[in-house]
Every structure is written in C-alpha cells, then in structure tokens.
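This is the structure I have questions about; it appears just below.
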Amino acid sequence: MSVTYLEAIRAAQEKALQDDPNVFLYGQDIGRFGGAFKATKNLAEKFPGRVMDSPISEDAMVGLAVGAALEGMKPVVEMQFADFSTVGLNQMLNHAATTYWRTGKPCPMVLRLPSGGTPGSGPFHSQSMETIYSHYPGLVVMTPATVEDAYTMLLEAIGMEDPVVFCEHKLLYYHLKADALPGEALPAFRARIARPGRDVTCVAYSAMVHEALAAADELAEEGHEVEVVDLRTVKPLDTDTLLGSVARTGRLLAVGESWPWGGASAEVVARVASEGFELLDAPPKRLNAKDTPIPYHPNLWAAHRPTAVRIAAALREVLRY
C-alpha cells in the first residue's frame, strides 16, 4: 500500500503524539475538521485534548507555542498556508529564535508551513517562505522533497530542542507517493545526492528537486550527466556535500522556488564561490521564480516558477563554458 507525502506528515505527528506526552498539535481547524489539508485527520479523536483548534490569530498561535515550549512542552503548530505565518513573525523571529541566546532555555517547537505554489492559488496562498526564516540565527529550516523525508525529518524536528520551521510543499501533498514509511534515514542536516553525475551540479530543494531530476533526464538524452543535490535542510546548509559535488563536476546551478533576492539558492552560489572558487570551471548560476507577485492563472504561474524546461535551459548555459 503506497503512502503519500501528506500521509507521511500525518503519520509522523501520530507517532510523535504516541511516543511523547509533551507533544501537542495546535492550529486553525486541525481538530475535528482535520486541518485545511487534512494533515491531522482523526488525530483529535485518537489523542483527546492534545490536538487543539486555535483562534484565527497567527500571532497568538506562535506566541502560545513559544510559551508552552519554554514550560517543557513540544508544540507543533500548523499554519493553514505558509503565507499567513508572516502575521506571527514577531513571535517566531524575535522570541522563538532568540530565547536560548537570551535565557539559556531551549524552545522546542515546530512551525509547519504548507508552502509553495499550486495552479490557481495566487499571491496569498503560494509563497515560499523558507528564505525569510533562513535569514535568522536560532531557527532550523527544513524543506523535505520526498515522502521518506517528510516522515523522518518531521519526527527529527519534533525531537529537537531548537525551534524548527518545517516547509511542506503543497504540490507534493497528494501527488508524491512511496511504497512505505522508512525505517532509517539520513540525518536532517545532511544533503542528499538525488542523482549522481559528472558534468554539472544542480542544487535544489523541496518540489524543485523533482523538476531538477526531470531536467537531468532531458539532458541525459543529450549526453550530459547532471548531479542533482537535494538540500533537504536550507538552514543550516550542508556545505561539505555541496563542495564535494562541485569538486566532481566543476559547474553549479542552484534552483529555488522563492524569489531571487537573498534566497537559499543565492546562498548556495555565494557559499560555493567563496569557499570553493578553485573548484569551478564555469561561473555559477542560480534560477528562481520571477521577481513578481505570484500570478493566479495556471499558465502564468507555470511561467513564473522554475520548471524542468527552464532548469534544462539554464543547465545548458552553464555547460557551454
């Protein structure tokens, strides 16, 4: 029986609730209704009093989680959409991220963000927020691209003492499947070589990993071997795996669904250029969404974000050197 990306997230939360009495889930309509995407379906019935509906106030939701974490609880907060988490930025950035540095007390909480775009979602339900959270020290930012990582990395996030922003791509919820939930997995802070190659490194994360793999298939027909690196976690960044890949290929393309200014892909390029410049045989390149609000129309949305076609074209440019 196959397991979807969304079912893996639900299963991880169920296991965390079973294993640790300090874990509780909190969010808008996550109780009897099961959440906007049904990531908590049936969990309120199985764990009475530990899967709780919140008020429609993201600031209050995150603030309650910070307070609960400081008292030894392990809250997992679900935002209906990643975009709405901006209402709670003060609590997340100025409190959760800094608490340990100010007080010496850990703040073990997880903020689950249904992230990224889907056709017809528009500018308020499609944003990739990992870049904002990655800028702040004190936060861990995870971006799982596979069913296996959605399960194991969420469990690892819930078990951490640091506050974690867990970015789940909505496009993967129902369409990405695996044969079963995994047993062992890579540690969350390790990047993964999703496809080995020798001609050019393509670094991606979240849903962009699958676009990069499709682009790699296209270039393979032209005789080029693309190594695809799945970051898995964008903060902290696994620089060793990045440099190891570029050492093999000599070329780099970094891809992200977020906007270009100050994104995770920009950090990848900067890190490789500053710490591994001598490894490069060509200028590194990055590819992001267009620097515009995210459009509603499915055709415009597809033109706005990186796709396999756009990634393949960018890879050819890097390979020309």
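The values are calculated or read from the model by the stated rules, or taken from the named source; none is laboratory data. Treat the numbers as computed from the prediction; the structure is a model and nothing was measured. No Cβ is skipped: glycine too gets one built from the backbone with ideal geometry, and neighbour counts run over all protein chains shown.
When Tyr136 is evaluated against the numbered criteria (1) among the hydroxyl-bearing types (Ser, Thr, Tyr); (2) more than 19 Å from Phe81 (Cα to Cα); (3) surrounded by 24 or more Cβ atoms within 10 Å (Cβ to Cβ), which criterion, by number, is the only one it fails?
Of the numbered conditions (1) among the hydroxyl-bearing types (Ser, Thr, Tyr); (2) more than 19 Å from Phe81 (Cα to Cα); (3) surrounded by 24 or more Cβ atoms within 10 Å (Cβ to Cβ), the odd one out for Tyr136 is (3).
For residues in the range 206-261 being among the polar types (S, T, N, Q) and part of a loop (DSSP other than H, G, I, E, B), which is surrounded by the most Cβ atoms within 10 Å (Cβ to Cβ)?
Ser206
Would you check which residues across the range 18-57 are aliphatic (A, V, I, L, M) and within 22 Å of the chain's Cα centre (by Cα) and list them? Walk me through it before giving the result.
The initial filter retains those residues of the range 18-57 that are aliphatic (A, V, I, L, M), namely 23, 25, 30, 36, 39, 43-44, 51-52, 56.
Across the range 18-57, the qualifying residues are Val23, Leu25, Ile30, Ala36, Ala39.
All but one of (1) part of a helix (DSSP H, G or I); (2) in contact with a strand residue (DSSP E or B) (Cβ under 6 Å, 6 or more places away or on another chain) hold for Leu25; which doesn't?
(1)
Could you list, in sequence order, all residues of the range 262-295 that are surrounded by 15 or more Cβ atoms within 10 Å (Cβ to Cβ) and assigned to a loop (DSSP other than H, G, I, E, B)?
Those that are surrounded by 15 or more Cβ atoms within 10 Å (Cβ to Cβ) and assigned to a loop (DSSP other than H, G, I, E, B): Gly263, Gly276, Leu280, Ala282, Pro284, Asn288, Ala289, Ile294, Pro295.
Name every residue in the range 46-63 that is among the hydrophobic types (A, V, I, L, M, F, W, C) and over 22 Å from Arg10 (Cβ atoms), in order of residue number. Talk me through it step by step, then tell me what you get.
Just the residues of the range 46-63 that are among the hydrophobic types (A, V, I, L, M, F, W, C), to begin with: 47, 51-52, 56, 60-62.
Correct list: Ile56, Ala60.
Answer yes or no: is there a residue in the range 183-200 that is farther than 22 Å from Leu17 by Cα, surrounded by 24 or more Cβ atoms within 10 Å (Cβ to Cβ) and more than 13 Å from the chain's Cα centre (by Cα). Write out each step before concluding.
Taking the range 183-200 as the starting set, the residues that turn out to be farther than 22 Å from Leu17 by Cα are 186, 189-200.
Cutting the leftovers down to surrounded by 24 or more Cβ atoms within 10 Å (Cβ to Cβ) gives us 200.
Of the ones still in play, those that are also more than 13 Å from the chain's Cα centre (by Cα) are 200.
Yes, the range 183-200 contains a residue that is farther than 22 Å from Leu17 by Cα, surrounded by 24 or more Cβ atoms within 10 Å (Cβ to Cβ) and more than 13 Å from the chain's Cα centre (by Cα).
Checking the structure you have, find out if any residue of the range 63-80 is under 19 Å from the mean Cα position of the chain (by Cα) and assigned to a loop (DSSP other than H, G, I, E, B).
Scanning the range 63-80 turns up at least one residue that is under 19 Å from the mean Cα position of the chain (by Cα) and assigned to a loop (DSSP other than H, G, I, E, B).
So that you can scan it fast, the table gives a plain yes or no per residue for (1) of a type outside the set (D, E, K, R); (2) surrounded by fewer than 23 Cβ atoms within 10 Å (Cβ to Cβ); (3) in contact with a Ser or Thr (Cβ under 6 Å, 6 or more places away or on another chain); (4) not assigned by TED's automatic domain parsing to the domain that holds Tyr205:
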| position | (1), (2), (3), (4) |
| --- | --- |
| Gly34 | yes, yes, yes, yes |
| Phe37 | yes, yes, no, yes |
| Asn42 | yes, yes, no, yes |
| Pro48 | yes, yes, no, yes |
| Ile56 | yes, yes, no, yes |
| Ser85 | yes, no, no, yes |
| Thr98 | yes, yes, no, yes |
| Thr143 | yes, no, yes, yes |
